[in-house]
Structure formats: C-alpha cells, structure tokens
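Worksheet: one structure, shown below.
The values are calculated or read from the model by the stated rules, or taken from the named source; none is laboratory data. Values in this document were obtained by computation on a predicted structure and should not be read as measured data. Counting neighbours? That spans all protein chains shown, and the Cβs are built from the backbone with ideal geometry, glycine included. In case anyone asks, the SASA skips ligands and DNA or RNA and just uses the protein heavy atoms, side chains included. Shrake-Rupley method; radii C 1.70, N 1.55, O 1.52, S 1.80 Å.
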Amino acid sequence: MPNILPILIVFVLFFLGVPVAFAMLIASFIYFTFMCDGVNMFTMVSSLLTNSESFTMLAVPFFVTAGTVMGYGGVSENLMDFCEMLTGRFTGGLGATNCLLSTFMGGISGSSCADAAFEAKMLVPEMEKRGYSKGYASAITAASSCITPIIPPGIALIIYATAAGCSIGDMFMAGYIPGILICAALMVTNYFISKKRDWLPTRTKNPTPREFAKQTGKSIWALMLPLGIIMGMRLGWFTPTECAAITIVYSVLVGAFVYRRLKIKHIKPIIVESVNNTAGVLLILSSASLFSRYMVWESIPQKAAAALAGIATNKVVFIIIVLLFMLFLGMFLDTAAALVILPPLLLPVAMGLGINIVHFGIILCLMDTIGGITPPFGVMLFAVMGVTKVSVREYLKEGWPLILAVFAVILLVSFVPEICLFLVNI
C-alpha cells in the first residue's frame, strides 16, 4: 500500500477551508520533510518552479490578459449587443443571449470564472428587470460559463494538453462542437422554462438588414478572433504561446483604435486583474506539480491504474467510473489542479482501453467544468454568487434543469467520440 497520508491531509485541510493550492503545498512538504529520505528543500522548491517555467504555460497569462483588455476595450459589450440582436426576438431572449455570449466569450477570455463574473455583472441585473428571478438568472449565468473553457482558447484545454503531452491545436479543434452543443442544449432548456413562465422577448420585431449589418460590422473584430487563433496554429504561423501574445496586441489595437474605449488609465487595473487571475492559476499548477512528485515517488499512478484496470474491463465501464469520479472531484478541486493531477493517473488505463487521448481530455475538461457549477465548492458558482448574492438553495431550485442539460451533452460526447474528434480528423 502506498503512503496515502498526504492525500488525507489535503482533503482534511480543504474541508477546513484552506485553499487547495496551500493544502497541496502543506501535504507535500510534510511528506518530503518527515516521510521521505533523500529529498531536500532545494529539490522541493525547484519542483515548484519547474511547471510555471514552461513555455507552453505562458499562453495562460497571455490569454487571461487579452480577455481583460477586451473587457475594458468594449469588445465584450459589443459581443453582448450582437448576441442580443440575434436572440432578443425569442421567448426568454435574455437567457439565450447569456448562453450565446458565453460561447463567443470562450474564444476571447478562455476563463470560466472571468466569464461568469462578467456576465453576472452585466446580464443578471437586466434579467431581473425583465422579470426573471434572481435565482434563475444566476443559474443560467453559471451554467453557460461551462462553455467558456471548452471553446478555444479555453485555459482548461491548454492545461490538460500540457499535462498529458498532446497537441494544444488538436484540443482546441476538439472543443468547438461540444461547446456549441452545450450552448444549444441550454438555449432549448431556457426556451421551455421561459415559455412556461411567460418571460417575454426583449425585442418586438426582428432587426432590420441595416441594423444587422451595422452591429455585425462593429462586432466582427471580436467574432473573427477565435477563427484567427485556430487558423494561425493549424497553418503553423505561430505556436499557442505566440498566438496568445499576438492576441494581446490585437485586443489593444481594437480597444484603442476601433472601439476607442481603451484608455491609458486602464493600464493599471488591467495589469492588476491579469496578475491576480494568473497568479491563482499558476500557484495551483506549481503546488500540483510538487504533489504529483509525491504521487510518482509512491508509485500511486501505476497502482491506481492497475486497480482501475481490474475494475474497468471495457471502455464503457471505465468512462462511467471517470464521469462519476470527476463529478465528485470537480466539486472540491479547482480545474487547474484536477487537470494536472489526474492525467498521469487515468491516461495509462484510458489509452490501454483504446480511448483517444484528445477525446479523453475533452471528457475530463467537461466533467471538471460541470463540477464548478455544483455545490458545495463550485468555483463558477461562487463567482456568480459573489456578484448576485443569491443563496445556494435558490440557485439549485432554479438551476437543476440547466445542470441536467449540460450533463446530458457530456454523456453524449463521452460515448460518441466522433463528436469531438470530427474536426480533429479532417
């Protein structure tokens, strides 16, 4: 039996309210200091820094910064106006706008928490004015934020690809169709709920061709960005990290000279927000890398793989076990931590059963994301609740159909791999 005391320490600390990064750090230092010979302080600190020094992981702070710049530069508001123009005529139009905006924002911010917080500030008050309950407006905002990490350049896709050693470009291509399917499922669910509760459209008539052309022209700068990211990488013009840096330059130019909303005074808040958001992710990644070193030292990945191989005799059983395990774990662990720790544990068994590494990554990213909108510790749930001040009870009462809709799409993607591999294969 491996020494599982550090794992127990992590969960005890987490339930006591210690942030997950510090819980993993404390457990790792206790193990290497008191339970393991031959490892000194220098080795532990260098292991902490190794993961954060990855060239590929530089894409994370760059994409986070680009999303922040676009928020201040007016790109996000123009996208919201564009989405409202497309969906405002429908029953429950603002709810549909919420879902569509998350889909477009996925190609810009890449961060589910950033998307959830932004839409909670922008859309929830307006939805309440239109007659939506605060619980439902908060629930659909949190549920639609599941789309953001799956649509390129989702941060979750980059983290998994780095941990698993697969192509970031392939993960990006695989994320499009599942993300669009979640958007469609949420919009259909929103339509039936809105029809039952008589929530009226925000528009009484369809936009005129002139209005449509004008708004499309204003929003085209943001709409073209995800396509440019994918095409640039697939054609070999730049790496994901270079692409992220170029995206910052692009967002600055659009915000300053096209929309003329980005000012010199915005530099400080942009830097502060970007550093805060990036520091949280990289601290978790560094802590997870040290914790992963403990698991390798104790041969936990190999032993866990052997145990899973004995239980999961075929793909279907293995995927069901992974879905249930990820649903539970996603409620407690941050996305970044889970996607760094789990691939070494689960990938050997998955690949031994013939599961494609990219398909398996999409399953992990989707399940980890849905854990973020479910109590008790879902990160997107907290991001929305922090803005709207809605109670967990009200959120669950209004949000359970939306959570089920997301989970239904995840089941479909899990058992029909062609859905996410179609674009990769062509």
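Miscellaneous remarks
- Extending 7 Å from Cα along the Cβ direction at PHE192 and again at ILE311 yields two label points whose distance is 3.3 nm.
- Rounded to the nearest 20 debye, the dipole magnitude of the chain is 1260 debye, with +1 charges on Lys and Arg beta carbons, -1 on Asp and Glu beta carbons, and the Cα centre as origin.
- Couplings 3J(HN,Hα) for the range 132-146, derived from phi with the Karplus relation 6.51 cos²θ - 1.76 cosθ + 1.60 (θ = phi - 60°), are 5, 6, 4, x, 5, 4, 5, 5, 6, 5, 5, 5, 5, 5, 5 Hz, where x marks Gly and Pro.
- Each semi-axis of the equivalent ellipsoid for the range 153-195 is √(5λ) with λ an eigenvalue of the Cα gyration tensor; in descending order they amount to 30, 9, 6 Å.
- P(r) tail for the range 123-175: Cα pairs beyond 15 Å make up 56% of the total.
- Apportionment of accessible area to carbon and sulfur, the range 130-232, percent (1.4 Å): 65 percent
- Computed accessible area, ASP198, all protein chains, 1.4 angstrom probe, square angstrom: 120 Å²
- Candidate lysines for bridging to LYS268, where Cα separation is under 27 Å - those fewer than 8 sequence places away on the same chain excluded: LYS121, LYS218
- Here the range 119-152 and the range 153-183 have alpha carbon centers that stand 23 Å from each other.
- Summed over the residues of the chain and divided among them, the accessible surface reaches 42 Å² per residue at a probe radius of 1.4 Å.
- In summary, the aspartates and glutamates within cross-link reach of LYS205, defined as a Cα separation below 18 angstrom excluding same-chain residues under 8 places away, comprise ASP81, GLU84.
- Heavy-atom accessible area ranking, 1.4 Å probe, most first, across ARG260, ARG393: ARG393, ARG260
- Taking only the alpha carbons of the range 121-235, we obtain Rg and Dmax values of 17.7, 51 Å in that order.
- Reachable aspartates and glutamates, given that their alpha-carbon falls under 18 Å from the alpha-carbon of LYS263 and they are not under 8 places away in the same chain: GLU77, GLU273
- The amide H of ARG203, built 1.01 Å from its N in the peptide plane, has ARG89 as neighbours under 5 Å, considering only residues 5 or more places off or on other chains.
- Values of log10 I(q)/I(0), in the order q = 0.14, 0.18, 0.21, 0.22 Å⁻¹, for the range 246-320 under a Debye, Cα-only, solvent-free model: -0.70, -0.84, -0.99, -1.02
- Here r is the Cβ-Cβ distance between VAL275 and PHE212 and R0 is 51 Å; the resulting FRET efficiency, rounded to 0.05, is 0.85.
- Helix-only [θ]222 nm of the chain, DSSP H runs n ≥ 4, -39500 (n - 2.57) each, per residue, nearest 500: -24500 deg cm²/dmol
- The range 335-376 - percent of accessible surface contributed by carbon and sulfur, probe 1.4 Å: 72 percent
- In order along the range 401-411, the Karplus-derived 3J(HN,Hα) couplings, from 6.51 cos²θ - 1.76 cosθ + 1.60 at θ = phi - 60°, round to x, 5, 5, 5, 4, 5, 5, 4, 5, 4, 4 Hz, and Gly and Pro are given as x.
- Column: log10 I(q)/I(0), Debye, Cα scatterers of the chain, q = 0.07, 0.14 Å⁻¹: -0.33, -1.32
- Normalised contact order of the chain, rounded percent, pairs of Cα under 8 Å and 6 or more residues apart: 26 percent
- Bins of 5 Å, starting at 0 and running to the largest distance - Cα pair percent for the range 201-273: 3, 13, 16, 17, 15, 15, 11, 7, 3, 0
- For GLU128, GLU53, the ranking by accessible surface with the largest value first comes to GLU53, GLU128, using a 1.4 Å probe.
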